[in-house]
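Visitor: After the structure tokens below, expect a handful of questions from me.
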Amino acid sequence: MNAKSLPTATHQMGHDVGGLDVAAIRQDFPLLTTPFHGKPMVYLDSAVSGQIPQIVIERMDHYQRFEHTNVHRGVSTLSQEATDRFEEAREKVRGFLNAASTKEIIWTRGTTEAINLVAQTWGRTNIHPGDEILLSAMEHHANIVPWQMLAAEKGATIRVLPMNDAGELLLEDLDALLTPRTKFLGLIQVSNVLGTINPVKEIIAKAHAKGVCVLVDGAQSVPHLAVDVQDLDADFFVFSGHKLSGPTGIGVLYGKKALLEKMPPWQGGGSMILAVSWEKTTYIGLPGKFEAGTPAITQAIGLGAAIDYLQGIGLERIAAYEQQLLTYATAQLSKIEGLRIIGTAHEKASVISFVLDSIHPHDVGSILDHEGIVVRAGHHCAQPVMQRMGVPATTRASFAYYNTKEDVDALVAGILKVKEIFG
Ligand code: PMP
């Protein structure tokens with residue numbers, strides 16, 4: 001380890017507002033404290049990507065300046081230490097998900113790659129002609145398209161667990177949809193459009209009772225809820241680092257060891273082999289079997305630092321604070337005439353999609369942008385959700401632990417300005 005010291009957390013708990021010292025937290029984020037279009041930055045797009053605190057940026061910078069080389073290669077001290085940092089990050093993810101072993105934590109580029117890995121290894125081995133793949137009506141395209149591709153290849157059928165107008169899954173339909181042909185269930189834990197928190201533990205238990213394997217898309221849940229994959233009994237659980245105040249280019253596939261061990265490798269190449277000859281190649285065990293080539297080392301270390309940062313604040317405190325913000329934002333937005341919230345489930349995370357009169361969400365998003373307010377407008381990579389809710393697109397404001405009531409008030413003022421412009 002180089003003599004240059006590692007960055008340490010500067011964030012301190014102080015004057016709590018609803019359980020979190022948000023003013024102090026905001027100081028940790030260079031982007032949040034830099035004006036945008038000459039106005040204070042109001043970042044309400046954390047569902048697209050969370051902002052990255054200084055300490056995470058510094059941790060990655062430190063690695064690249066003083067610790068960088070390749071991992072799992074060579075006997076140099078530098079390589080061994082880089083490998084240690086990389087594997088420590090894997091251990092942080094294991095603890096974060098409460099997985100039983102680091103062998104169950106596979107690095108991927110993100111949620112999308114993790115789902116494709118499962119579809120192309122577990123799926124190609126276990127899905128046969130005539131089988132059924134069950135997906136919820138509120139899946140992101142990342143948990144639809146890989147299964148459609150597999151179904152087309154294998155002659156399998158996709159079935160859909162419907163939802164009601166509030167954006168809650170119809171659990172009463174589940175038993176009938178779990179037929180003897182159902183082999184797999186893909187389930188989003190928190191909807192990126194509607195904010196719905198699905199009762200995944202209950203659904204997994206029902207699926208398992210019928211022998212169905214379940215993958216949980218946790219891309220939008222890990223930033224908001226403490227997740228315990230053993231308690232959920234998820235077979236696979238996937239998420240992306242960039243939604244968790246970490247960098248892009250890194251994500252995680254958790255899989256139960258017994259399942260991962262039976263799955264064939266996915267990509268072939270260096271690092272995943274035991275021995276290669278022209279006649280025969282053998283593979284190493286978990287997790288390396290699924291990690292061909294040079295991994296995203298800096299990003300993995302960055303994700304580990306992001307997990308440390310979030311755990312330092314406390315995931316339960318984050319969840320409680322965000323629920324207060326959600327309640328406040330829902331009440332304030334509901335007062336605006338002509339604004340309709342899309343997604344009114346009883347159990348929601350701090351994500352609010354809405355439509356405003358007949359104004360196109362892109363216009364809403366552009367005007368808000370000029371006010372320094374960053375939201376997302378569009379179909380949010382969930383076109384079937386738009387079709388179900390009967391809207392072409394929505395504007396979505398998503399709130400994180402670094403947002404404030406003032407951010408909500410700015411959003412409301414911005415929306416009133418949009419209404420004024422469109423008369
Ligand atoms: N699933 C959900 C629920 C998401 O919100 C996203 C990102 N919008 C993804 C999957 C895909 O994540 P990534 O682009 O990081 O692979």
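The values are calculated or read from the model by the stated rules, or taken from the named source; none is laboratory data. None of the values given here were measured: they were computed from a predicted structure. Here Cβ is always computed from backbone atoms with ideal geometry, including for glycine, and neighbour counts include all displayed protein chains.
Visitor: Looking at Glu322, Glu347, can you tell me which residue is touching a residue at least 60 places away in the same chain (Cβ under 8 Å), on the phi < 0 side of the Ramachandran plot and touching a strand residue (DSSP E or B) at 6+ places or on another chain (Cβ under 7 Å)?
Guide: None of the others qualify; the one that does is Glu347.
Visitor: Could you check how many residues of the range 98-126 are in contact with a strand residue (DSSP E or B) (Cβ under 9 Å, 6 or more places away or on another chain), away from the ligand (no atom under 16 Å from the Cβ) and not polar (S, T, N, Q)?
Guide: Count: 5.
Visitor: Quick one: which helices (runs of 4 or more DSSP H) sit completely within the range 1-119 and have at least 2 residues that are of a type in the set (Asp, Glu), surrounded by fewer than 19 Cβ atoms within 10 Å (Cβ to Cβ) and modelled with pLDDT of 95 or more?
Guide: In the range 1-119, 54-62, 77-97 are the helices (runs of 4 or more DSSP H) which contain 2 or more residues that are of a type in the set (Asp, Glu), surrounded by fewer than 19 Cβ atoms within 10 Å (Cβ to Cβ) and modelled with pLDDT of 95 or more.
Visitor: Condition (residue is within 19 Å of the chain's Cα centre (by Cα), of a type in the set (A, V, I, L, M), outside the structural domain of Ile188 (by TED's automatic domain parsing) and buried (at least 20 other Cβ atoms within 10 Å of the Cβ)) applied to the range 395-413: is it met by at least one residue?
Guide: yes
Visitor: Which residues, taken from the range 258-284, are surrounded by 11 or more Cβ atoms within 10 Å (Cβ to Cβ), more than 16 Å from Trp107 (Cα to Cα) and free of Cβ contacts under 8 Å to residues at least 60 places away in the same chain?
Guide: Passing the criteria: Ile273, Leu274, Val276, Thr281, Tyr283.
Visitor: Please determine whether any residue of the range 78-96 is within 16 Å of the ligand (Cβ to nearest atom), in the same structural domain as Asp217 (by TED's automatic domain parsing) and in contact (Cβ under 8 Å) with a residue 24 or more places away in the chain. Write out each step before concluding.
Guide: Start the filter on the range 78-96 by keeping residues that are within 16 Å of the ligand (Cβ to nearest atom), which leaves 93.
Then drop every residue that is not in the same structural domain as Asp217 (by TED's automatic domain parsing), which leaves 93.
From the residues that got through so far, the ones that are in contact (Cβ under 8 Å) with a residue 24 or more places away in the chain too are 93.
Checked the range 78-96: at least one residue is within 16 Å of the ligand (Cβ to nearest atom), in the same structural domain as Asp217 (by TED's automatic domain parsing) and in contact (Cβ under 8 Å) with a residue 24 or more places away in the chain.
Visitor: If you don't mind, there's one more thing I want to ask. Those residues that are out of contact with any Phe, Trp or Tyr (no Cβ under 7 Å at 6 or more places or on another chain), within 12 Å of the ligand (Cβ to nearest atom) and either more than 16 Å from Tyr309 (Cα to Cα) or charged (D, E, K, R) (or both), I need them from the range 206-237; list them, please.
Guide: If the condition is that a residue be out of contact with any Phe, Trp or Tyr (no Cβ under 7 Å at 6 or more places or on another chain), within 12 Å of the ligand (Cβ to nearest atom) and either more than 16 Å from Tyr309 (Cα to Cα) or charged (D, E, K, R) (or both), then Asp217, Gln220, Ser221 are the ones that fit.
Visitor: Being away from the ligand (no atom under 14 Å from the Cβ) and either surrounded by fewer than 16 Cβ atoms within 10 Å (Cβ to Cβ) or touching a residue at least 40 places away in the same chain (Cβ under 8 Å) (or both) is the filter here, so list the residues in the range 179-205 that pass it.
Guide: Thr179, Pro180, Arg181, Thr182, Lys183, Phe184, Leu185, Pro199, Lys201, Glu202, Ala205, listed by residue number.
Visitor: For the range 158-178, how many residues are loosely packed, with under 15 Cβ neighbours inside 10 Å and over 26 Å from the mean Cα position of the chain (by Cα)?
Guide: Number of matching residues: 4.
Visitor: Cβ-Cβ under 6 Å, sequence separation 6+ or interchain: first residue in the range 132-150 and outside the structural domain of Asn192 (by TED's automatic domain parsing), partner within 11 Å of the ligand (Cβ to nearest atom) and β-branched (Val, Ile, Thr). Which pairs?
Guide: none
Yes or no, residue by residue, for (1) of a type in the set (S, T, N, Q); (2) outside the structural domain of Thr404 (by TED's automatic domain parsing); (3) within 20 Å of the chain's Cα centre (by Cα); (4) buried (at least 16 other Cβ atoms within 10 Å of the Cβ):
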{"position": "Leu303", "(1), (2), (3), (4)": "no, yes, yes, yes"}
{"position": "Ala306", "(1), (2), (3), (4)": "no, yes, yes, yes"}
{"position": "Tyr321", "(1), (2), (3), (4)": "no, no, yes, yes"}
{"position": "Glu337", "(1), (2), (3), (4)": "no, no, no, no"}
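Visitor: Are any residues in the range 238-278 more than 19 Å from Ile204 (Cβ to Cβ) and β-branched (Val, Ile, Thr), and if so, which ones?
Guide: Result: Thr248, Ile250, Ile273, Val276.
Yes/no per residue for (1) modelled with pLDDT of 95 or more; (2) touching a helix residue (DSSP H, G or I) at 6+ places or on another chain (Cβ under 8 Å); (3) closer than 22 Å to Gly314 by Cβ:
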residue	(1), (2), (3)
Lys210	yes, no, no
Gln220	yes, yes, yes
Val227	yes, yes, yes
Leu259	yes, yes, no
Lys262	yes, yes, no
Lys280	yes, no, no
Ala292	yes, no, no
